[in-house]
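Visitor: I have a structure I would like to understand better, so I am pasting it below and will then ask my questions one at a time.
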Amino acid sequence: MPRVTIDDRTVEVAAGTNLIDAAFKAGVHIPHYCYHPRLSVVGQCRMCLVKIDGMGKLQAGCATQVMKDGMVVHTQLPEVKEAQQGMMEFLLINHPLDCPICDQAGECGLQDYAFKHGVSYSRFQFEDKRTYPGRERIPLGANVLLNMNRCIQCTRCIRFTEEIAGTGELGFFHRGARTEIGTFPGKQLDNQLATCVVDICPVGALTSTRFRFAERVFYLDKRPSLCTGCEVGCNITIEHRRGVIKRYKPRFNPEVNDYWMCDYGRATFERYRDVPRLAAPRLRHAGDIGGAAAGTAGAGTAAAAGALPAAAPVPAPVSWKEALDAVARHLRSRSAEGAVAFLGSGFLTTEEAYLFAQLAELAGTPHRAVAVDHGPERRIPNLQGGIAGTEAAPNRRGVELAGLAAPAARTAAARAAAVPVGPAQTPPMGTPQIVVPGAAGAPRGGNGQEAAAGTLDAASLLDGDGAARCAVLVVCDSDLGAAAYDPATVARLRRARALIVFGWADSPLAQAADVALPVAHHAEKDGTFVNVEWRVQRFERAFPPPGQARPAVEALSELLARFDPHWANLDAPAVFDLLAAELPAFAGLKWRELPATGAALAVPQAHAAPAPELAAPEDTAVGI
Amino acid sequence: MAFEPVLTRNVGNPAALTLDGYRKGGGYEGLAKALKMEPDAVIDEVKRSGLRGRGGAGFSAGAKWSFIPKGKGKPKYLVCNADESEPGTFKDRLLMEKDPHQLIEGCAICCWAVQAATTYVYIRGEYTYANDVMEEAIKEAYQAGILGDSVLGSGFKLDMYMHQGAGAYICGEETGMIESLEGKRGQPRVKPPFPAVVGAFGAPTVINNVETLANVPHIVTRGADWFKSIGTDEKNTGPKLYAISGHVERPGTYETAIGIPFAELLDLAGGMYRGGKLKAYIPGGASAAILTADQAGLALDFDTMIKAGSMLGSAAVMVMDDATCMVRSVARLAKFFNHESCGQCTPCREGTNWMELLLDRIEHGKGRPTDPQLLRSVCKNMNGTALCALAEAAVGPVDSLIKRFPEEVERHIHDRACPFPHRRYFENGAA
């Protein structure tokens, strides 16, 4: 591989590597605007001019590739610095002094390079700046606004829509100093990745309508996390101010979403703001309206019990201890007339699903289901041909592998350690089996029993009369999708004799519950998700949950400890290590050793795309 | 001694517009002769002749042809640059309007030499008449078997198309032209790769000016030695068209041996307009540095001009008398470059804009004492930093204004007004 010397540092790079990328590898930062590792090279901004030995004039670094040994590059010579100052001056003469009102302030390419490579005074004093009258706030589509005065004509947005999104809505019009960006006649910037142009625009010419004027970026706390919009599992940065999320930005992961994320995913944090929060545990007692039996292995047919009148008041808050005690009582007191069922969602982390599965094992029930909504396909381009998903939740695969859909293959040791807490559950006969799409294999009963046809799955619980057969129905996520807000579905689920709901959202489902347990949403907890390509990715919490809410892993650990003390005091990393030791798909993985880009699981369906060989910078914007 | 016209020998002879008329004067003999030579031999002959590009850069035409890779890999193209948008240039128009077959023959010989099967003549959109004349001549050429499946029966296939531009000077830049030819926005590409390797449609492409190609039939017919015998020295050879305009009695296109001293050319054009006094002249189009009256004896060839700090360029000679305001002239040129900049790269887009604003300000009496230094600094930041040569071209006249006419600039600033009144040409109905 050829070696190149940049400012007395020598690196070896693959032949054909762009000089800006090679310099990055050497630890030298060549300033640039129009260059982007995923876009074609145009050499337009002229910010990356460097001196290469053997060539008289300064050369554009982005237009130069390292092909052979012996290239010597200088970026700190006076002539290079003067060229950089010259380019900064040129860019600033017609740029409006919008910093006080511009979203980009604090993460602006012009600000940063003016500071680093420019001069502190202006010589453009007696002329008028070139403006685009009437083009100061043009909606290019629903999500992107254009202020043409601020544009530095780097054409990143044009090349993005042409080459990455493939839709080509944007173009250059007119010529010279009047050149402007716009959509071609009749077109709107409305592709799935439209807001990515806001990320890659170095200045505040393109802004997101969702984030416009929402917050100064230097007040934002930025935490890495994962998007929960769909099964692709784009890596994101949660940008929040004291627990109020202001925006999501994509985070570079060359093996999943590269530099991009879709507009739908960007909007998913708004749910946390718009949906009311379950703030404290709630417990409906035996004397409450509706007569839902609390805790006794009571009489009464499952069909007659449980239905609440529509106007039942929400019960008063109680302490966590009381709430967990109530749950434990429900689980211990299973009656012969009803089943115990667990209904999870694709939003649970793998660790939560694992602990719920343990609960199901202890309760000896095979009735475990996952409810996942389907949406339109979200497709994110990357170097492996793209990644796409239609499930509208991030972790259906992780939840199923962890045991919530079908009892996981467990080692003999784990099986032996399980402590049965009541008579073995015999699933009711005669109920037709409806297979949830994607569920792996036929469900097996707890304690080694072969499950017969007739386990309660998501379809029978949500759309059928499965809940009526339940003595205890544990809904693991109160925001499990559209169903949690549909009164008819909630009424069906309410037919369980005891309805226990864990969740962050105070959805109608949580309000109908006998025990409602407030837990953290994904920005407030640690966990892992398994994406559509069977890659497990780790995320950590951005801020603590409010009120009495706690991460579900914590609550479940406490709950499980009431049955078996060895489950006490577990956090997500510890649970991950436990489940990795037990589940073959996760063999050999440890929380602390999970790679930043995620790890491929050992399942036959996993896509075996190799990680790309890259020397590219990790950040999405100007390269700062 | 009077110069015997070579390129303009058919001007004034309308019969030569037709194929028969052209042939009667010896036309297409060059093509016939070339087809019997090896393609490389044709390239060598053109190289030996010392023919340098007549479009502005003055690069050896034969050398450019030799850069085209041999072999069957990709189709080769010839693009004839008939965009002629350099201010003051109107020589190619004459060639196309008055002797279209000469250009067709030159293109055909070039295509044989580089083994190109297709020629596109990129003609500026404003030359509608020249386009019509060329289209007619091409049609005739096809009918006579000079273009088409078998040029003059040789088996060599050649197609020729006219392609009209739409009013952009930047489409005269070779890669801008190729982009426009491909149907895209006419903005120049990053070089390397050069058009000889990756040109039109990704294939090796030769781009030559109209006048350059018009010389080719004569080189083949009469030989490189004959061509070399015309001109100043072995690096500046052949006949040259000079398009002289400005304050001269008879502006127009004149053909002489390359290297005619400016003063002689001025005489040919009838001398200064109304007997005025020469102040300055631009030898080669808007991008060339301005030369002063004491440099009137200089030979108008490539190397003499370069040595004098200017360039021959497109040989568009613009003459200015002493009632001319240099600041106003250069301000107008700066306005041209600002208008024509394609806008992709920062130094040109912003620099040409700034230069126009600065010069306008100075011309209208609002100049500041720091302005000359500022102009020089802007020029320095534009030189060598831009994506194509338009920025350097824009710098040419401004730089020479500051260097050669500093006292005029100072006077504008000091007097807070332009000392040169606007001329009235048509007072009392007189021309």
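The values are calculated or read from the model by the stated rules, or taken from the named source; none is laboratory data. Keep in mind the model is a prediction, meaning the values are calculated, not measured. When we count neighbours, we look across all protein chains shown, and the Cβ atoms used for this are built from the backbone with ideal geometry, even at glycine.
Visitor: Of all residues in region B:346-363, which are touching a Ser or Thr at 6+ places or on another chain (Cβ under 8 Å) and in contact (Cβ under 8 Å) with a residue 40 or more places away in the chain?
Guide: Across region B:346-363, the qualifying residues are B:347, B:348, B:352.
Visitor: Considering each of A:516, A:572 in turn, give the residue that is closer than 21 Å to residue A:233 by Cβ, touching a strand residue (DSSP E or B) at 6+ places or on another chain (Cβ under 7 Å) and crowded, with 20+ Cβ neighbours inside 10 Å.
Guide: After applying the criteria, what remains is A:572.
Visitor: Of the conditions (1) polar (S, T, N, Q); (2) assigned to a helix (DSSP H, G or I); (3) at the interface with chain B (Cβ under 9 Å from one of its Cβ atoms), residue A:111 fails just one. Which one is it?
Guide: (3) is the only condition that residue A:111 fails.
Visitor: So which residues in region A:11-49 are of a type outside the set (Ser, Thr, Tyr), under 21 Å from residue A:259 (Cα atoms) and in a strand (DSSP E or B)?
Guide: Scanning region A:11-49 gives a single hit, A:18.
Visitor: Within region B:213-227, is even one residue among the basic types (Lys, Arg) and either within 17 Å of residue B:98 (Cβ to Cβ) or over 21 Å from the mean Cα position of the chain (by Cα) (or both)?
Guide: Within region B:213-227, one or more residues are among the basic types (Lys, Arg) and either within 17 Å of residue B:98 (Cβ to Cβ) or over 21 Å from the mean Cα position of the chain (by Cα) (or both).
Visitor: Now, a different point. Could you look through region B:403-431, keep only residues that are among the aliphatic types (A, V, I, L, M) and more than 10 Å from residue B:362 (Cβ to Cβ), and pick out the one that is modelled with the lowest pLDDT?
Guide: Only one residue tops the list, namely B:431.
Visitor: Let me ask you something else. Only one residue in A:353, A:371, A:357, A:392 is more than 25 Å from residue A:514 (Cα to Cα), modelled with pLDDT of 90 or more and within 30 Å of the chain's Cα centre (by Cα), so which one is that?
Guide: A:392
Visitor: Additional query: From B:287, B:310, grab the single residue that is out of contact with any helix residue (DSSP H, G or I) (no Cβ under 6 Å at 6 or more places or on another chain), within 30 Å of residue B:365 (Cβ to Cβ) and polar (S, T, N, Q).
Guide: B:310
Visitor: Next up: Does region A:114-124 hold any residues that are more than 14 Å from chain B (Cβ to nearest Cβ) and outside any helix (DSSP H, G or I), and which are they?
Guide: Hit for region A:114-124 is A:120, nothing else.
Visitor: Going by what's in this entry, would residue A:556 be described as touching a Lys or Arg at 6+ places or on another chain (Cβ under 6 Å) and in contact (Cβ under 8 Å) with a residue 24 or more places away in the chain?
Guide: In short, no.
Visitor: Within region B:345-384, can you find the residues that are facing chain A (nearest Cβ under 7 Å), assigned to a loop (DSSP other than H, G, I, E, B) and either aliphatic (A, V, I, L, M) or surrounded by 22 or more Cβ atoms within 10 Å (Cβ to Cβ) (or both)?
Guide: Across region B:345-384, the qualifying residue is only B:345.
Residue-by-condition table, conditions (1) assigned to a helix (DSSP H, G or I); (2) in contact (Cβ under 8 Å) with a residue 60 or more places away in the chain:
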site	(1), (2)
A:351	yes, yes
A:357	yes, no
A:361	yes, yes
A:369	no, yes
A:377	no, no
A:382	no, yes
A:389	no, yes
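Visitor: Right, something else. Please note which helices (runs of 4 or more DSSP H) are completely contained in region B:1-106 and include at least 2 residues that are crowded, with 21+ Cβ neighbours inside 10 Å and among the β-branched types (Val, Ile, Thr).
Guide: Those helices (runs of 4 or more DSSP H) span B:39-49.
Visitor: Taking residue B:397, is it surrounded by 22 or more Cβ atoms within 10 Å (Cβ to Cβ), farther than 21 Å from residue A:91 by Cβ and not aliphatic (A, V, I, L, M)?
Guide: Criteria met by residue B:397.
Visitor: A further question follows. Is at least one residue of region A:125-138 touching a Ser or Thr at 6+ places or on another chain (Cβ under 9 Å), within 14 Å of another protein chain (Cβ to nearest Cβ) and among the charged types (D, E, K, R)?
Guide: Within region A:125-138 (the criterion being touching a Ser or Thr at 6+ places or on another chain (Cβ under 9 Å), within 14 Å of another protein chain (Cβ to nearest Cβ) and among the charged types (D, E, K, R)), the answer is no, since none of the residues qualifies.
Visitor: Would you mention how many residues in region A:125-175 are free of Cβ contacts under 8 Å to residues at least 12 places away in the same chain and of a type in the set (Phe, Trp, Tyr)?
Guide: Residues meeting the conditions: 2.
Results for (1) touching a helix residue (DSSP H, G or I) at 6+ places or on another chain (Cβ under 7 Å); (2) of a type in the set (S, T, N, Q), shown as yes or no for each residue.
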| residue | (1), (2) |
| --- | --- |
| A:196 | yes, no |
| A:201 | yes, no |
| A:215 | no, no |
| A:219 | no, no |
| A:235 | no, yes |
| A:246 | no, no |
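Visitor: Is region A:188-200 home to any residue that is touching a residue at least 24 places away in the same chain (Cβ under 8 Å), assigned to a loop (DSSP other than H, G, I, E, B) and within 14 Å of chain B (Cβ to nearest Cβ)?
Guide: no
Visitor: For region A:178-187, give me each residue that is in contact with an Asp or Glu (Cβ under 7 Å, 6 or more places away or on another chain) and either in contact (Cβ under 8 Å) with a residue 40 or more places away in the chain or surrounded by 18 or more Cβ atoms within 10 Å (Cβ to Cβ) (or both).
Guide: Matches in region A:178-187: A:183 only.
Visitor: What number of residues within region A:76-108 are within 13 Å of chain B (Cβ to nearest Cβ) and farther than 25 Å from residue A:55 by Cβ?
Guide: Adding up the residues that qualify gives 4.
One line per residue, one yes/no per condition, for (1) at pLDDT 95 or above; (2) more than 9 Å from chain A (Cβ to nearest Cβ); (3) closer than 26 Å to residue B:170 by Cβ; (4) touching a Phe, Trp or Tyr at 6+ places or on another chain (Cβ under 7 Å):
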| residue | (1), (2), (3), (4) |
| --- | --- |
| B:295 | yes, yes, no, no |
| B:309 | no, yes, yes, no |
| B:317 | yes, yes, yes, yes |
| B:340 | yes, no, yes, yes |
| B:391 | yes, yes, yes, no |
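Visitor: Continuing with the same structure: From the list A:486, A:526, A:577, A:564, pick out the single residue that is over 21 Å from the mean Cα position of the chain (by Cα), at pLDDT 95 or above and acidic (Asp, Glu).
Guide: Unique residue meeting the criteria: A:577.
Visitor: Another question, if that's okay. Being crowded, with 20+ Cβ neighbours inside 10 Å and part of a loop (DSSP other than H, G, I, E, B) is the filter here; which residues of region A:142-164 pass it?
Guide: A:143, A:147, A:151, A:152, A:153, A:154, A:155
Visitor: Checking the structure you have, find out if any residue of region B:101-121 is more than 25 Å from residue B:203 (Cβ to Cβ) and of a type in the set (Asp, Glu).
Guide: Within region B:101-121, not a single residue is more than 25 Å from residue B:203 (Cβ to Cβ) and of a type in the set (Asp, Glu).
Visitor: So residue B:325 ticks every box in (1) modelled with pLDDT of 95 or more; (2) within 30 Å of residue A:35 (Cβ to Cβ) but one. Which box is left unticked?
Guide: It is condition (2) that residue B:325 fails.
Visitor: Same structure again: I'm trying to understand the selection: among the residues of region A:24-63, which are hydroxyl-bearing (Ser, Thr, Tyr), buried (at least 20 other Cβ atoms within 10 Å of the Cβ) and either without any contact (Cβ under 8 Å) to a residue 12 or more places away in the chain or more than 9 Å from every other protein chain (Cβ to nearest Cβ) (or both)?
Guide: A:35
Visitor: Moving on. Filter region B:182-197 down to residues that are touching a helix residue (DSSP H, G or I) at 6+ places or on another chain (Cβ under 9 Å) and under 20 Å from residue B:75 (Cα atoms) and give me whichever is farthest from the other protein chains (Cβ to nearest Cβ).
Guide: Within region B:182-197, the match that is farthest from the other protein chains (Cβ to nearest Cβ) is B:196.
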